[in-house]
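Engineer: Got a structure for you, written out below as structure tokens; questions coming shortly.
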Amino acid sequence: MCYVIITIASLVWFLCSLVADMLFAVALVTPRWLVGPAQGTDSTASSHHQSSVGIYTRCKVMQEGGFQCGRFDLDGLATDSSVYPNEWKAAMFFVMLGFSLLSVTVILTLITCCRQSACGKSIHNMTACAQVVAGICMMLGLFLHPMGWRANRIQRLCGMDAEPFYPADCSIGVSFYCGIIGVLLTFTAAGISLKAESSNMRTRVRRRVEAGSKLVCIP
């Protein structure tokens, strides 16, 4: 019989997973992992018009006064390390893997509303494990990106003193913090999955299902 079970725990689990996934996406595509120092003395200049780099894109203040953003000129792992450091290649891989896994778990959180197990395994538990792996992947990305700060690109942006985990004249951008918050929410979501599973198996829920209810909404 087809039925849908919605509880507060399952709803919070879904929302937490969705927000974490959106933060992963922001961290992946936005160019503000590392923000360069302000250039010029124009007090009306926006802080967004500063040279910056991300894991996939970068922005640059042009000498003639323009401002250009775009993705790195990537050609896979064959890209020269002076253009795209090897540490960033590894960070890109782990961040994309984490984002892909977490996107799948967002779908699985919805499936658990009408199906509790697959192949004899709890979907809640499998989803929680996938979310933990996604969180670890993003953590690796957040760790590997600063290891590439010795690259010539970063030294031109932040100063010759730039080195791994020391950005010199640059500052950590909002994209990096989105990744950190996303990791925390991902691990939180994995913990909430245990509560969501127990709430879906409560006696009140089973009674409603056995009574033939197609939609069961219980706090």
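Engineer: Quick check: pseudo-label points 7 Å beyond the Cα along Cα→Cβ at Asp161 and Leu184, how many nm apart are they?
Structural biologist: 2.9 nm
Engineer: Could you put Ser198, Ser17 in order, starting from the residue whose Cβ has the fewest other Cβ atoms within 10 Å?
Structural biologist: Numbers: Ser198 12, Ser17 28.
The fewest-first ordering by Cβ neighbours comes to Ser198, Ser17.
Engineer: Take Asp161, Asp21, Asp169 and order them by how many other Cβ atoms sit within 10 Å, fewest up front. Let's see the in-between values first.
Structural biologist: Values: Asp161 10, Asp21 25, Asp169 13.
Taking fewest neighbouring Cβ atoms as first place, the list is Asp161, Asp169, Asp21.
Engineer: Treat the count of other C-beta atoms within 10 Å as a stand-in for reagent exposure and order Phe24, Phe165, Phe176 from fewest to most. Spell out each step's value before the answer.
Structural biologist: On the way: Phe24 30, Phe165 10, Phe176 22.
Starting with the residue having the fewest Cβ neighbours, the order is Phe165, Phe176, Phe24.
Engineer: Now for a different question. Explain nothing, just compute: Karplus ³J(HN,Hα) = 6.51 cos²θ - 1.76 cosθ + 1.60, θ = phi - 60°, for every residue of region 106-112 in order, whole Hz, x for Gly and Pro.
Structural biologist: 4, 5, 5, 4, 6, 5, 5
We did not get these values from a lab; they are worked out from the coordinates using the rules stated. Keep in mind that this is a model prediction, so the values were computed, not measured. Because the Cβ atoms are built from the backbone with ideal geometry, glycine has one as well, and the counts that use them run over all protein chains shown.
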